[in-house]
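*Asks:* One structure is given below, represented as structure tokens, and several questions about it will come after.
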Amino acid sequence: MHLPATRTLVVVVFLMGCDPTPGDKSSAQPAHGGTDWSLYDDTAAPADEPSAPGSATGPEGSDEEEEAVADPWGRNLDCPQPTACISLAEAMDRDFASVQLNGDLNVTNLGPYPICSGRWHTFFSSGSQDAIAGHSAVDWPGEPEAAREISVDDLWAHAYARSSDGPAWWCIERTQVTQNGASYRFTGARAPYPLLAYVHTDTDTNSNGVEDHTDYADPSTGAPWTNHNIWDHLAAQPTYVVGRTKNYVEMQPGTSTFLTIEVVNLGRETSSIMVEETLPDGLRSFGFSVLPSTSETNADGSTTHTWYFKMNGSVDDPDLSAPTQYDTVLIDYQVAWERADCGYREKGEAPSVTWTDNAGDSYTSSGTELIIVCCDGT
């Protein structure tokens, strides 16, 4: 078992509550956070792409030379482009999206492709309250029922504590205050199953006869009791999210790049975890900052690396407005593309973290699948 030195993420935020709209939710069922990745295949129609100014050629038969103009979105057009919606992680890595708090948690599509947005994700900010966010219309358990998209030039306004009919966000830091204008960091981490169970099911945990999504029994916070359930879970149980500092890479045969896996314990309790990263055939990994406990080659040629860690709980300062200190593991490594064929987009798998909580229940949280684009040209 490796016991790495961990790096701490510090977030200063403040709590804001808004009246949610109650909605129907199915009763809770046991599940462990697994994802059906087939829901996110690139199958949607691509958005129309505007022509770059000055890129048109002259009339037929003209000797006028075509003027080279940079792509308006900064794309390397030697690299194959998607033919469908892209993940939010890819959009953020390519500066095709932004996430900012302005009352609502706004996810804006700034790029030329629709963004697949069926999943609930975890967002971190140095200037405002960390959040889980996604679409409230979910047939629980198992999100989503069908893939959703943020269209080109569209904005999804995630309303605080909304429980039906639209995008929503929930607080994951009890002692903080929100800050309008704050931007958010995104690693592709999905929202953890134990927290989503409170978001998507009807409960009355304080037994006062009022369903928790509409129960404002604690006026001091301005938050519905469902958010208290999320905070109480994080206070009593280890709860993990996993992502990468980038989930989209452009490569050529023989080139290499750096990747970093990030695992964060949102909860206040200590536990052991297992982290897995599966890389596709042809992508050689090396230079690990923490050596894997095991590395196995699978039947399809992919390689699964596995690590085991003991992680501490996150820490709240006695000053209730002070930052939360998250225990965080960062695994740095390099990958080299060794296949000779090129000119395509390779979809890898998502990193995962598995743990057992204090009640003996096991959970798995996932990140976003890695997109490796092999680019023609030099």
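*Asks:* Enumerate the pairs (first residue in region 230-254 and farther than 19 Å from Pro351 by Cβ; second residue anywhere and of a type in the set (Val, Ile, Thr)) with beta-carbon separation below 7 Å, excluding pairs fewer than 6 apart on the same chain, so at least 6 apart or on different chains.
*Replies:* Close Cβ pairs satisfying both conditions: Ile230/Ile172; His233/Thr239; Leu234/Ile172; Glu250/Val373.
*Asks:* I'm trying to understand the selection: among the residues of region 172-197, which are at pLDDT 90 or above, touching a helix residue (DSSP H, G or I) at 6+ places or on another chain (Cβ under 7 Å) and farther than 10 Å from Thr122 by Cα?
*Replies:* Answer for region 172-197, where residues must be at pLDDT 90 or above, touching a helix residue (DSSP H, G or I) at 6+ places or on another chain (Cβ under 7 Å) and farther than 10 Å from Thr122 by Cα: Pro194, Leu195.
*Asks:* Restricting to region 303-317, name every residue that is closer than 23 Å to Met251 by Cα and either among the aromatic types (Phe, Trp, Tyr) or out of contact with any Leu (no Cβ under 7 Å at 6 or more places or on another chain) (or both). Outline the logic, then answer.
*Replies:* Initially, region 303-317 is screened for residues closer than 23 Å to Met251 by Cα, giving 303-305.
Those that are closer than 23 Å to Met251 by Cα and either among the aromatic types (Phe, Trp, Tyr) or out of contact with any Leu (no Cβ under 7 Å at 6 or more places or on another chain) (or both): Thr304, His305.
*Asks:* Of all residues in region 326-372, how many are more than 30 Å from Ala197 (Cα to Cα), under 20 Å from the mean Cα position of the chain (by Cα) and among the β-branched types (Val, Ile, Thr)?
*Replies:* Of the residues in that region, 1 qualify.
*Asks:* Among the candidates Tyr326, Tyr344, which residue alone is within 21 Å of Arg185 (Cα to Cα) and not acidic (Asp, Glu)? Quick ask: steps written out before the conclusion?
*Replies:* On the way: Tyr344 fails: within 21 Å of Arg185 (Cα to Cα).
Of the residues listed, the single one that is within 21 Å of Arg185 (Cα to Cα) and not acidic (Asp, Glu) is Tyr326.
*Asks:* Continuing with the same structure: Working only within region 115-135, note down all residues that are part of a strand (DSSP E or B), in contact with an Asp or Glu (Cβ under 7 Å, 6 or more places away or on another chain) and either closer than 21 Å to Pro82 by Cβ or of a type in the set (Asp, Glu) (or both).
*Replies:* Ile115, Cys116, listed by residue number.
*Asks:* Something else about it: Within region 353-378, count every residue that is closer than 28 Å to Ala84 by Cα, part of a loop (DSSP other than H, G, I, E, B) and not β-branched (Val, Ile, Thr).
*Replies:* 6
*Asks:* Determine whether region 287-302 contains at least one residue that is surrounded by fewer than 16 Cβ atoms within 10 Å (Cβ to Cβ), acidic (Asp, Glu) and either touching a residue at least 24 places away in the same chain (Cβ under 8 Å) or over 30 Å from Thr255 (Cα atoms) (or both).
*Replies:* Narrowing region 287-302 to residues surrounded by fewer than 16 Cβ atoms within 10 Å (Cβ to Cβ): 287-289, 291, 293-301.
Filter again for acidic (Asp, Glu), leaving 296, 300.
Cutting the leftovers down to either touching a residue at least 24 places away in the same chain (Cβ under 8 Å) or over 30 Å from Thr255 (Cα atoms) (or both) gives us none.
For region 287-302, residues surrounded by fewer than 16 Cβ atoms within 10 Å (Cβ to Cβ), acidic (Asp, Glu) and either touching a residue at least 24 places away in the same chain (Cβ under 8 Å) or over 30 Å from Thr255 (Cα atoms) (or both): absent.
*Asks:* Determine, yes or no, whether Thr306 is farther than 30 Å from Ile172 by Cα and out of contact with any helix residue (DSSP H, G or I) (no Cβ under 6 Å at 6 or more places or on another chain). So that I can check it myself, show each step before the final result.
*Replies:* On the way: farther than 30 Å from Ile172 by Cα: no; out of contact with any helix residue (DSSP H, G or I) (no Cβ under 6 Å at 6 or more places or on another chain): yes.
For Thr306, the condition - farther than 30 Å from Ile172 by Cα and out of contact with any helix residue (DSSP H, G or I) (no Cβ under 6 Å at 6 or more places or on another chain) - is not met.
*Asks:* Let me ask you something else. Taking region 327-378 as the search range and keeping residues that are aromatic (Phe, Trp, Tyr) and surrounded by 18 or more Cβ atoms within 10 Å (Cβ to Cβ), which one is modelled with the lowest pLDDT?
*Replies:* Our first condition is that a residue be aromatic (Phe, Trp, Tyr); within region 327-378, this holds for 333, 337, 344, 355, 363.
After this cut, where a residue has to be surrounded by 18 or more Cβ atoms within 10 Å (Cβ to Cβ) as well, the list is 333, 337, 355, 363.
Working: Tyr333: 98, Trp337: 92, Trp355: 98, Tyr363: 98.
If we take residues in region 327-378 being aromatic (Phe, Trp, Tyr) and surrounded by 18 or more Cβ atoms within 10 Å (Cβ to Cβ), then Trp337 is modelled with the lowest pLDDT.
*Asks:* Among the candidates Ala340, Ala299, which residue alone is part of a loop (DSSP other than H, G, I, E, B) and touching a Pro at 6+ places or on another chain (Cβ under 6 Å)?
*Replies:* Numbers: Ala299 fails: touching a Pro at 6+ places or on another chain (Cβ under 6 Å).
Of Ala340, Ala299, the one residue that is part of a loop (DSSP other than H, G, I, E, B) and touching a Pro at 6+ places or on another chain (Cβ under 6 Å) is Ala340.
*Asks:* Any idea how many residues of region 307-325 are surrounded by 16 or more Cβ atoms within 10 Å (Cβ to Cβ), at pLDDT 95 or above and assigned to a strand (DSSP E or B)?
*Replies:* Final tally of qualifying residues: 3.
*Asks:* Okay, moving on. Does His135 fit the bill of being free of Cβ contacts under 8 Å to residues at least 40 places away in the same chain and within 21 Å of Ile230 (Cα to Cα)?
*Replies:* Numbers: free of Cβ contacts under 8 Å to residues at least 40 places away in the same chain: yes; within 21 Å of Ile230 (Cα to Cα): yes.
For His135, the condition - free of Cβ contacts under 8 Å to residues at least 40 places away in the same chain and within 21 Å of Ile230 (Cα to Cα) - is met.
*Asks:* Do the conditions hold for Ala350, that is, is it outside any loop (DSSP other than H, G, I, E, B), in contact with a Ser or Thr (Cβ under 9 Å, 6 or more places away or on another chain), touching a residue at least 60 places away in the same chain (Cβ under 8 Å) and not β-branched (Val, Ile, Thr)?
*Replies:* Numbers: outside any loop (DSSP other than H, G, I, E, B): no; in contact with a Ser or Thr (Cβ under 9 Å, 6 or more places away or on another chain): yes; touching a residue at least 60 places away in the same chain (Cβ under 8 Å): yes; not β-branched (Val, Ile, Thr): yes.
Judged against the criteria, Ala350 is not a match.
*Asks:* Answer yes if at least one residue in region 263-284 is modelled with pLDDT under 95, closer than 24 Å to Ile132 by Cα, surrounded by fewer than 16 Cβ atoms within 10 Å (Cβ to Cβ) and of a type in the set (Val, Ile, Thr), and no otherwise.
*Replies:* The answer is no, given that none of the residues of region 263-284 is modelled with pLDDT under 95, closer than 24 Å to Ile132 by Cα, surrounded by fewer than 16 Cβ atoms within 10 Å (Cβ to Cβ) and of a type in the set (Val, Ile, Thr).
*Asks:* Out of Ala168, Ala223, Ala197, Ala159, report the one residue that is in contact (Cβ under 8 Å) with a residue 24 or more places away in the chain and closer than 22 Å to Thr356 by Cβ. Don't jump to the end; show me each part of the working.
*Replies:* On the way: Ala168 fails: closer than 22 Å to Thr356 by Cβ; Ala223 fails: closer than 22 Å to Thr356 by Cβ; Ala159 fails: closer than 22 Å to Thr356 by Cβ.
Just a single option satisfies the conditions, and that option is Ala197.
*Asks:* Quickly run through region 136-186 and pick out the residues that are under 18 Å from His213 (Cα atoms), aromatic (Phe, Trp, Tyr) and not in a loop (DSSP other than H, G, I, E, B). So that I can check it myself, show each step before the final result.
*Replies:* As a first pass, look at region 136-186 and keep what is under 18 Å from His213 (Cα atoms): 136-141, 158-174.
Checking which are aromatic (Phe, Trp, Tyr) leaves us with 140, 160, 169-170.
Residues satisfying the conditions are Tyr160, Trp169, Trp170.
*Asks:* May I ask you to verify whether Ser207 is at pLDDT below 95 and among the polar types (S, T, N, Q)? I'd like the intermediate steps shown before the answer.
*Replies:* On the way: at pLDDT below 95: no; among the polar types (S, T, N, Q): yes.
In short, no.
*Asks:* Another question, if that's okay. Looking only at region 213-227, filter to residues that are buried (at least 22 other Cβ atoms within 10 Å of the Cβ) and not β-branched (Val, Ile, Thr); which one of those is modelled with the lowest pLDDT?
*Replies:* Taking region 213-227 and keeping what is buried (at least 22 other Cβ atoms within 10 Å of the Cβ), we get 213, 223-227.
So of that shortlist, the ones also not β-branched (Val, Ile, Thr) come out as 213, 223-225, 227.
Values: His213: 96, Ala223: 93, Pro224: 96, Trp225: 97, Asn227: 96.
My answer is Ala223.
*Asks:* Ok, one more. Does region 77-99 hold any residues that are assigned to a strand (DSSP E or B) and farther than 17 Å from Gly367 by Cα, and which are they?
*Replies:* Step one: of region 77-99, the residues assigned to a strand (DSSP E or B) are 86-87, 97-99.
Correct list: Ala97, Ser98, Val99.
*Asks:* Tell me, please, whether a residue that is within 23 Å of the chain's Cα centre (by Cα), in a strand (DSSP E or B), exposed (fewer than 15 other Cβ atoms within 10 Å of the Cβ) and not small (Gly, Ala, Ser) can be found in region 245-257.
*Replies:* There is at least one residue in region 245-257 that is within 23 Å of the chain's Cα centre (by Cα), in a strand (DSSP E or B), exposed (fewer than 15 other Cβ atoms within 10 Å of the Cβ) and not small (Gly, Ala, Ser).
The values are calculated or read from the model by the stated rules, or taken from the named source; none is laboratory data. Values in this document were obtained by computation on a predicted structure and should not be read as measured data. Heads up, the Cβs are rebuilt from the backbone with ideal geometry, glycines too, and the neighbour counts pull from every protein chain shown.
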